[in-house]
Amino acid sequence: MGGNSGSDDAKKELKSTRDDDESNYKGCNLCNPFHWSHRFMFLFVTCFLSFGNYFVYDNPAALQDQFKEDLNINTSQFMLTYSLYSWPNVFLCFVGGFLMDKVLGLRWGAILFAALVTVGQCVSAVGAQTGSYPLVLAGRFIFGLGGENLAVAQNTYAVSWFKGKELNMVFGLQLSFSRVGSTVNMNIMKPIYDAFGEGDHALGGALWIGGIICVFSLLCALLAGWLDKRAARILKRGDGETGEVIQLKDILDFPVSFWLMCVICVAYYVAVFPFIGLALTFYQQKWGLIQSTASTINSLVYVISAVASPAFGYLVDKTGRNLSWCILGIIATLFSHMLLAYTFVNPYAGVIVMGFAYSLVACALWPMVAYVLPEHQLGTAYGFMQALQNLGLAVISMVAGMIVDDNGYLWLEMFFCAWLCLSLLCGVLLFFMDAAGSGILNWSAEERAKQDKEEEKRSLLTNEPEPTQILAATNQQIRLRYMSRLNIPIPKEQSVAIRHSAGVGVLK
Amino acid sequence: MRVCVLVVTAVVALATCTQATTQVYQPCAGQADAVLLAQPGVPSQYVFTWSGVGLPTFGITSFKQPVDAKDFSVNCSRLAEGYVSDVVVTPAGVEDHQSTTLASLIEFSGPTLDKGEFVRRTILDTLTFKPVNMTSSSATLVSTDNLIAVTMEVNTKSGISKTNPHNFFATNSFSVDLVISGYTYNSTKSRLAMEIVTTTLERSVVRIEQSRDINDEYSPSIFRRTTLQSTDNTGANEAHHAWKPVVFGNTTRKSTNMTVSFIGELAALDYSPANTYPQHIITASYDGARTAMNVVNVTFSTKGDKATAEKIIAWGSIVGPGKPFVPAMSTTLLATNITSYGVTIFAFIAGSIYLLVLRATRATHSSQTV
């Protein structure tokens with residue numbers, strides 16, 4: 001309790017200093033880091049930070065036939081463009097946070113990763129222009145070096161600048177901008193290619209347009225860095241950190257439930273992203289659609305997730321029962337693949353179901369890790385899970401391409417259904433394991449709130465220090481960082497903790 | 001790579017030609033064009049190109065005695081239903097011979113001439129062709145960009161033509177010249193093949209049917225099948241020619257991957273390297289059938305102005321008696337289906353039973369404790 005009054009005095013003193021600084025500031029509101037308009041201008045800049053990244057990630061999917069024809073490659077070679085994006089992220093998941101916190105700093109880290117994305121896309125464009133397939137692959141690899149960590153930097157900026165319930169809106173907006181980037185790519189790349197004519201120069205020209213958008217994102221990274229540095233100087237605060245703590249030895253202590261979640265994650269996502277990469281020709285050939293219509297259908301998963309993710313996040317937050325929602329999402333995805341594989345029902349039906357299901361699984365699956373592991377292990381756990389996810393995507397992308405070449409799309413869909421069945425099996429196994437134990441993964445929201453209150457009472461009775469006084473700010477940022485990737489609304493009790501931690505970050 | 005002019009030969013007997021009158025006549029607006037040739041003293045020949053049946057075909061109808069255009073008509077509704085036979089309604093007592101020809105270009109590429117990877121199949125679209133150079137014995141259709149021309153000649157002599165393709169049951173035979181001028185395609189060391197199907201339709205009904213199939217494991221990425229199906233006047237299936245269009249540049253297709261069936265029933269290859277224009281002929285004859293379907297695959301490569309013989313035959317289609325064979329799912333695919341779904345369903349059922357038993361046990365234990 002004494003500690004509490006001490007921290008309250010410190011906060012009052014800091015607030016008084018802040019009010020003095022704010023009153024002394026001379027400048028327009030838009031330039032005033034103390035003013036909300038300046039923060040939202042910064043938000044606007046950071047929203048475009050990963051726009052280019054998401055735009056160019058699915059360039060191959062939007063121009064599948066053109067890639068194959070102009071570069072004279074088959075489907076498995078085509079899927080290598082996706083595989084090479086994922087391979088570097090198998091390892092970068094572990095070191096990306098460390099690089100930004102200890103080596104480069106957030107600002108230079110964001111600029112470096114944005115530059116890697118831009119350089120990678122430009123190298124791919126040169127490769128396409130010259131008809132050099134190895135150069136295109138090299139560009140995709142360089143792009144992969146920067147892509148995932150740029151998203152980490154974006155989230156860290158968000159946690160550093162915004163607090164409380166604003167964070168939900170910020171994460172939602174960032175996610176929506178990213179999904180808009182993917183959707184825009186699916187719908188405009190073919191018309192851009194056609195505008196350039198045909199052949200290598202057309203493909204190169206289309207990829208150069210993606211490069212220009214990446215340059216724009218790089219400029220946003222530079223501007224964000226300058227604004228952040230300026231704000232840190234004026235507000236007299238420290239630099240944002242990812243707060244990621246990786247301790248590989250913690251892996252030995254992870255429970256079986258975590259490993260099952262890893263299998264669910266890998267087995268589920270390998271049936272979604274590689275499918276989107278290959279689906280364009282599938283829709284054209286099976287349903288006789290023109291490319292523009294097929295592109296629209298292919299973009300629906302992203303469009304729907306931009307809207308459905310926040311909604312499902314709110315739903316899961318309000319109802320709890322993460323594991324049940326996760327299983328339901330997997331079943332719905334399996335159903336959508338079966339619909340596309342075994343029937344000639346309009347593909348819109350299957351893809352819309354897949355879009356909603358994908359959003360639901362994302363909102364329900366990732367937070368479950370935080371329920372089975374202590375906070376100091378979350379960094380390692382999420383890093384490991386992401387590494388496994390990227391490894392799965394890297395390998396399965398190549399296999400999927402080979403299957404299309406040799407056996408066709410029916411076999412490909414069966415392949416994805418088999419992975420979803422594996423994911424479902426692990427989900428069911430996890431469900432029954434959890435039911436035999438404490439049932440924490442499937443608690444309702446009321447049960448979880450009740451448990452949190454009892455935990456809080458217990459910590460007060462045992463005189464444990466408040467979370468804000470030790471490393472809780474950093475751990476909260478860890479939790480928020482990973483939940484923010486899925487635009488999950490922060491639960492009320494955590495938003496209170498965020499206010500503490502974000503306040504420390506801004507006022508320090 | 002630019003392709004030099006290539007010519008596939010046809011040798012036919014030419015009918016005496018005195019004076020020809022050419023009329024362009026469109027009996028079915030927007031659906032078919034007909035070029036009429038009226039020659040005194042010789043059977044009139046008419047060339048029809050169909051564009052309303054979802055598949056471009058070239059048809060020739062010849063009559064054994066002179067007819068005037070006003071004496072016959074075209075059944076446009078039959079055309080719209082996909083029929084390529086009995087579309088031309090001839091005057092009573094007039095014997096006619098109708099033949100249908102479909103043509104498509106098949107493109108290969110690869111590092112050597114021995115190994116070919118299928119690139120694409122382009123069906124020659126009659127919508128882009130216009131009739132030119134009509135004479136009494138032949139009709140030439142030229143693409144609107146003048147890159148491809150197809151010339152058909154009719155052998156009005158009785159008997160089987162000495163050259164290919166062979167029509168076993170018709171008194172007339174066809175030959176087709178293909179002239180490609182300046183056709184450009186992307187692949188290096190590419191080779192082209194042309195597939196021509198001719199049918200003779202004496203008292204047979206031939207219809208173009210299109211169907212879809214979810215199973216593309218034997219023909220990757222291809223779900224639609226087009227069939228030229230002939231039936232006799234009782235409706236019994238006589239013969240078929242079926243193929244699947246190939247996605248442009250989508251897959252690297254091996255020749256063994258194509259839709260191939262009844263290959264054992266096809267005659268041995270009849271290779272005639274003698275001429276400047278090599279030909280590979282695959283023919284099928286069916287005893288008692290009144291319909292002959294002949295598929296000619298002519299393969300040539302671009303080496304200067306000469307066409308060279310190729311060792312590779314493009315099997316883009318199948319031809320055989322009855323209805324086309326539709327392969328079922330492979331055993332491996334079926335087993336994978338059953339295993340995946342079966343194990344999942346089993347896990348649900350087994351786990352549910354386990355959970356019920358667990359809860360019942362806990363309830364019993366709790367009540368006993370109380």
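Results, tabulated for the structure shown:
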{"read-out": "Cα centroid separation, segment A:282-311 to segment A:200-225 (Å)", "value": "24 Å"}
{"read-out": "Under Karplus coefficients 6.51, -1.76 and 1.60, residue-wise ³J(HN,Hα) of segment B:328-336 in Hz, glycine/proline x", "value": "7, 5, 5, 4, 5, 5, 4, 5, 5"}
{"read-out": "Order of B:T234, B:T339 - criterion: other Cβ atoms within 10 Å of each residue's Cβ, fewest first", "value": "B:T234, B:T339"}
{"read-out": "Calculated log₁₀ intensity ratio I(q)/I(0) where the Debye formula runs over C-alpha points of segment A:81-165, q = 0.19, 0.23, 0.25 Å⁻¹", "value": "-0.79, -1.00, -1.10"}
{"read-out": "Average other protein chain Cβ within 10 Å of Cβ, residues A:406-419", "value": "6"}
{"read-out": "Inter-centroid distance (Cα atoms) of segment A:352-399 relative to segment A:422-459, Å", "value": "18 Å"}
{"read-out": "Segment A:110-232 - Kirkwood radius from inverse mean 1/r over Cα pairs (Å)", "value": "15.6 Å"}
{"read-out": "Placed amide H near B:V74: partners under 5 Å, 5+ positions off or other chain", "value": "B:V89"}
{"read-out": "Taking A:E454, B:E209 and counting other C-beta atoms within 10 Å, the order from fewest to most", "value": "A:E454, B:E209"}
{"read-out": "Largest-first ellipsoid semi-axes for segment A:31-485, taking √(5λ) over the Cα gyration tensor eigenvalues, angstrom", "value": "35, 29, 18"}
{"read-out": "Segment A:246-367: radius of gyration and largest Cα-Cα distance (Dmax), Å", "value": "16.4, 53"}
{"read-out": "Amide H contacts of B:A239 (H built 1.01 Å from N, under 5 Å, at least 5 apart or other chain)", "value": "B:S230, B:G322"}
{"read-out": "Average beta-carbon neighbours from other chains, 10 Å sphere, peptide A:172-183", "value": "0"}
{"read-out": "Of A:K249/A:K457; A:K102/A:K229; A:K249/A:K450; A:K249/A:K318, pairs whose Cα-Cα distance is over 23 Å", "value": "A:K249/A:K457; A:K249/A:K450; A:K249/A:K318"}
{"read-out": "For segment A:81-93, Karplus couplings with θ = phi - 60° (6.51, -1.76, 1.60), whole Hz, Gly/Pro x", "value": "5, 7, 4, 5, 6, 7, 4, x, 7, 5, 9, 5, 4"}
{"read-out": "For A:H337, A:H376, order by how many other beta-carbon atoms lie within 10 Å, fewest first", "value": "A:H376, A:H337"}
{"read-out": "Alpha-carbon Debye profile of segment A:286-433, log10 I(q)/I(0) at 0.13, 0.16 Å⁻¹", "value": "-0.69, -1.02"}
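Computed from the coordinates by the stated procedures, all read-outs in this text should not be read as laboratory data. Here the structure is a predicted model, which means the values were calculated and not measured. We place every Cβ from the backbone using ideal geometry, glycine too, and count neighbours over all the protein chains shown.
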